[in-house]
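Visitor: Please find one structure pasted underneath; my questions will follow.
None of the figures in this text is laboratory data; all of them are computed from the coordinates on show. Everything numeric in this text was worked out from a predicted model, so none of it was measured. Cβ atoms come from the backbone with ideal geometry, glycine included; neighbour counts cover every protein chain shown.
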Amino acid sequence: MVGGAEESDCAPSPAPAGHPLPQAGEGKKQSPLDARLAPQLDSLRERSLYRSRRTVSGHHAVQMVVDGKPCLNFCANDYLGLATDPRVAEAAKRAISNGGVGSTGSALISGYDAEHRAFEEEYADFIGRPRALLFSTGTAANMGVLKALLGRGDVVIADELNHASLIDGARASQAEYLRVPHADLAGYESALATLEPSRFAAVVTDGVFSMDGDIADLPSLARLTRAAGAALIVDDVHGLGVLGERGRGSIELLDTEPDVLINGLGKALGCAGGIVAGSETLIEFLIQRARSWIFSTAPPPAIAAAARESLRILRTEPERRAKLLANVHRFIAGARERGLAIPERPVATPIQPVMVGDDARVMALSNELMRRGFWVAGIRPPTVPRGTARLRITLSAAHEFGQIDALLDALHDSLAVLAPA
Ligand SMILES: *Cc1c(COP(=O)(O)O)cnc(C)c1O
């Protein structure tokens with residue numbers, strides 16, 4: 001099973017002083033646990049699948065300092081440049097000055113703050129659904145929703161490239177899992193056609209696929225699920241703020257109203273968190289039953305305050321979305337001019353994969369780009385299917401054309417220097 005999980009690491013960086021990489025067999029008294037883990041780490045290293053972190057200091061903006069070195073960021077999900085917007089930061093600061101940092105409890109005990117409530121209401125209004133529920137992360141939202149809505153005897157019909165948290169939530173629900181090849185409408189159709197009428201089924205899909213940047217055929221999925229009496233659950237974390245005339249995401253672009261819409265605050269809103277929108281009944285049910293929400297400390301109210309400001313900016317400054325799309329088209333046109341193989345798509349999104357295939361080569365390319373001053377994530381299995389390792393380039397409204405052109409030149413040259421063996 002392969003999931004389009006967000007990969008937090010990029011190229012492996014040298015271990016900082018004082019933190020040597022663990023070596024199998026090192027030291028005299030290895031615990032039974034370490035003895036079990038170390039060979040697995042060795043195996044990951046041998047297969048070029050070992051992951052490590054780079055450390056950012058200062059602003060998480062386009063121009064950033066990574067492991068002490070300045071570079072241009074082309075791997076963030078900060079599509080509108082709001083993560084470093086001073087107004088968003090100011091909203092968070094104000095909330096902290098007024099109320100402190102911690103929420104002190106779960107939302108059902110002491111943690112639910114007026115800022116949380118205001119964000120939920122403003123977001124629901126923006127997205128055009130009756131209610132919304134704020135989770136501490138998108139992952140928690142996906143896990144909580146799927147486990148609450150589905151159980152043994154039910155059926156999940158899901159795209160194979162769905163985000164890892166959708167896969168994990170569906171598996172944890174113990175519903176029967178029918179995995180559909182990527183974007184294969186016929187696959188959904190035949191899965192739905194074979195359902196016994198008494199069984200509850202949900203079609204679960206990313207709106208914008210996080211590692212490929214293509215979008216689901218939501219109108220067709222809505223039609224199929226409705227005809228089968230099933231529910232449609234869409235994770236549009238990468239569509240919010242990016243697609244649609246008003247930035248409401250793939251649901252707006254494709255004019256679809258899923259039964260459950262999951263969005264994230266950590267991508268275009270530049271904050272952190274997950275938010276679920278739907279009917280009054282859905283949200284009341286999740287409040288009773290979504291364990292990842294019920295048993296988790298509510299997020300800091302300052303995060304909700306910041307997200308409210310991000311949402312306000314998203315609504316009132318459509319020029320950011322226009323700039324983002326101009327940047328995406330600049331990248332696509334420039335890539336074509338330089339003969340770079342990027343997938344042809346009817347709808348352009350800020351997620352642009354450059355397919356590489358080989359796991360070792362993709363990391364070598366990522367390192368080479370970093371050496372040239374560009375931070376681009378190399379994405380490997382299990383985040384993407386075996387043999388489809390890729391550079392995942394993400395564009396932002398905060399990029400300038402000159403920076404995009406420079407990236408394209410570096411990409412072209414790096415691919416030539418590190419040609420396939
Ligand atoms: C990032 C992401 C999530 C998880 O959101 P977090 O808030 O980072 O936990 C869920 N779904 C998709 C498609 C994502 O890309």
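Visitor: Could you list H238, H60, H412 so that the one with the fewest beta carbons within 10 Å of its beta carbon is first and the one with the most is last? Walk me through the intermediate numbers first.
Guide: Details: H238 30, H60 13, H412 16.
Sorted ascending by nearby Cβ count, the order is H60, H412, H238.
Visitor: Which order results if W375, W293 are arranged by neighbouring Cβ count within 10 Å, fewest first? Walk me through the numbers before you get to the answer.
Guide: Details: W375 22, W293 25.
Fewest-to-most Cβ neighbours within 10 Å comes out as W375, W293.
Visitor: Now for a separate question. List the extent of the Cα atoms of the stretch 298-421 along each of their three principal axes, largest first, rounded to whole Å.
Guide: Projected onto the principal axes, the Cα atoms of the stretch 298-421 cover 51, 35, 30 Å.
Visitor: May I pose another question? Restricting attention to the alpha-carbon atoms of the stretch 32-86, what are Rg (one decimal) and Dmax (integer), both in Å?
Guide: Rg then Dmax for the stretch 32-86, in Å: 16.9, 50.
Visitor: Rounded to a whole number, what is D in µm²/s for the chain from Stokes-Einstein with the Kirkwood radius over alpha-carbon pairs (10 °C, 1.306 mPa s)?
Guide: Reported coefficient: 71 µm²/s.
Visitor: Still on this structure: Post the alpha-carbon centroid distance, the stretch 59-94 to the stretch 173-216, in whole angstrom.
Guide: Value for the Cα centre distance between the two parts: 35 Å.
Visitor: Fewest first, what order do Y123, Y112 take by the number of other Cβ atoms within 10 Å?
Guide: Ordered from fewest to most neighbouring Cβ atoms within 10 Å, Y123, Y112 come out as Y112, Y123.
Visitor: If you don't mind, another one. Do any trypsin sites (Lys or Arg not before Pro) in the stretch 132-200 lie in a DSSP loop with no more than 14 other beta carbon atoms within 10 Å, and if so, which?
Guide: R152, R199
Visitor: Shifting gears a bit: Mind putting a number on the dipole of the stretch 86-316 about its Cα centre? Charges go on the C-beta only, +1 for Lys and Arg and -1 for Asp and Glu, and I need it in Debye to the nearest 20.
Guide: Numbers: 21 positive and 29 negative charges, 147 e Å.
Around 700 debye, computed over the stretch 86-316.
Visitor: How much space per residue, in cubic angstrom, does the convex hull of the C-alpha atoms of the stretch 86-316 take up?
Guide: Taking the convex hull of the Cα positions in the stretch 86-316, it is 106 Å³ per residue.
Visitor: Would you mind calculating the gained length between S97 and L185 on full extension (0.36 nm times residue separation, minus the Cα-Cα distance), in nm to one decimal?
Guide: Here the answer is 26.6 nm.
Visitor: Moving to a separate point now. Please report, to two decimal places, log10 I(q)/I(0) for the stretch 274-359 at q = 0.10, 0.14, 0.24 Å⁻¹ as given by the Debye formula with identical point scatterers on the Cα atoms and no solvent.
Guide: -0.53, -0.83, -1.15
Visitor: On a full-extension model of 0.36 nm per residue, what is the gain between D405 and L418, subtracting their alpha-carbon distance, rounded to one decimal in nm?
Guide: Extra length from D405 to L418 when fully extended: 2.7 nm.
Visitor: How far, in nm, would the chain grow between S220 and D42 when pulled straight, counting 0.36 nm per residue and subtracting the alpha carbon separation? Please report the intermediate quantities before stating the final value.
Guide: On the way: separation 178, 0.36 × 178 = 64.08 nm, distance 4.53 nm.
Here the segment from S220 to D42 would lengthen by 59.5 nm.
Visitor: Please report the antiparallel percentage of DSSP beta bridges with both residues in the chain, rounded to the nearest 5.
Guide: Given both bridge residues lie in the chain, the antiparallel proportion sits at roughly 60 percent.
Visitor: So in the stretch 86-316, what percent of DSSP beta bridges are antiparallel if you round to the nearest 5?
Guide: Taking every DSSP beta bridge with both residues in the stretch 86-316, the antiparallel ones total about 40 percent.
Visitor: Further question on the same structure: Any idea how far apart L195 and E284 come out in nm if each label point goes 7 Å out from Cα toward Cβ?
Guide: With each label point 7 Å from Cα toward Cβ, the separation is 2.4 nm.
Visitor: State the answer as a single residue: which of N142, S48, N77 lies farthest towards the positive end of the charge dipole of the chain, with beta carbon charges of +1 for Lys and Arg and -1 for Asp and Glu, about the Cα centre.
Guide: S48
Visitor: Here is a further query. How long, wide and thick is the stretch 179-303, going by the Cα atoms along their three principal axes, in whole angstroms, largest first?
Guide: Result, largest extent first: 47, 33, 23 Å.
Visitor: Could you tell me the ratio Rg/Rh of the stretch 71-208? Both radii from Cα atoms, Rh via Kirkwood.
Guide: 1.06
Visitor: Something else about it: Quick one: of the DSSP bridges fully inside the stretch 207-304, what percent are antiparallel, nearest 5?
Guide: Details: 5 of 8 bridges.
Around 60 percent of the beta bridges assigned by DSSP in the stretch 207-304 are antiparallel ones.
Visitor: Is it possible to state the helix-based mean residue ellipticity at 222 nm for the chain, with each DSSP H run of 4+ residues giving -39500 (n - 2.57), the sum divided by total residues, to the nearest 500 deg cm²/dmol? What is it?
Guide: After summing the helix terms and dividing by residue count, I get -12500 deg cm²/dmol.
Visitor: Is any helix in the chain, taking whole DSSP H runs, at least 20 angstrom long along its axis by alpha carbon and on average at least 0.0 on the Kyte-Doolittle scale, and which ones?
Guide: Numbers: long enough: 32-46 (22 Å, -0.55); 301-316 (23 Å, 0.34); 318-337 (29 Å, -0.57); 401-417 (24 Å, 0.81).
Once both thresholds are applied, what remains is 301-316, 401-417.
Visitor: Report the semi-axes of the equivalent ellipsoid for the stretch 371-421 in whole Å, largest first, where each axis is √(5λ) for an eigenvalue λ of the Cα gyration tensor.
Guide: Equivalent ellipsoid of the stretch 371-421: 22, 16, 8 Å, largest first.
Visitor: For a protection proxy built on the mean count of beta-carbon atoms within 10 angstrom, sort 317-327, 302-312, 333-343 highest first, please.
Guide: Top to bottom by mean Cβ count within 10 Å: 302-312, 317-327, 333-343.
Visitor: Mind checking the dipole of the chain: about its Cα centre, +1 per Lys or Arg Cβ, -1 per Asp or Glu Cβ, Debye to the nearest 20?
Guide: 920
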